[in-house]
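Okay, structure first, notes after.
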Amino acid sequence: MKTLRLKTNILILIAILIVVSGCTMFGNSNDTEYKGGFLMVTLHEKFEEVYSATIEAINKGQTYDENNSAYDLRINEKTDSKAVVGAISENNPSDFVEVVMAKTSDDTTRISIKYGKQGDTIRSSALIDIIKANIRESKH
């Protein structure tokens, strides 16, 4: 009886390990990571399109501060392969969004987003979706 229980426990442990390793292998399929408050994502879009879609999201108020007010674009520095965009809440200077992007190839851009000092994965993920939607709209 002990041997059967031991074998069952080993099989359960193996099943759990397979599930966990599968999640870690496939959970990062779009090259996403979270570090230092920044949500970092690789988008398979041209650098110029990602940059323009980000500026559009901030200028049109598609992303907004904690009081539902549009951010004020304060930093907009861009070269041919890198850009830094920063916007601050007019109501609360500690409420801000920072976006850093870099061209990694002709059709791939690495984008990093951070809301506030600590970062906010939910708001950062939402901005990624907004940027993707703006890119789709610009192609039509």
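Only the coordinates and a few stated rules stand behind these numbers; no lab work does. From a predicted model like this one, the values you see are computed outputs, not experimental measurements. FYI the Cβ positions are ideal-geometry reconstructions off the backbone, even for glycines, and counts take in every protein chain you see.
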Sites Arg74 and His140, calculated FRET efficiency, Cβ-Cβ separation with R0 35 Å, nearest 0.05: 0.70
Which value, in debye to the nearest 20, gives the size of the charge dipole of segment 31-139 about its Cα centre, when Lys and Arg are +1 and Asp and Glu are -1 at the Cβ? 140 debye
Once you have the Cα-Cα distance between His44 and Gln118, take 0.36 nm times their residue separation minus that, and quote the gain in nm to one decimal. 23.9 nm
Once Glu33 and Asp107 are pulled to full extension, the length gained, defined as 0.36 nm per residue separation minus their Cα-Cα distance, is 24.7 nm
Please give the FRET efficiency for Lys60 paired with Lys82, using the beta carbon to beta carbon distance and R0 = 25 Å, rounded to the nearest 0.05. 0.60
Under 5 Å, built H, 5+ apart or other chain: amide partners of Asp95: Ser89
Just tell me which aspartates and glutamates come within less than 16 Å, Cα to Cα, of Lys35; anything on the same chain fewer than 8 places away is out. Glu98, Asp120
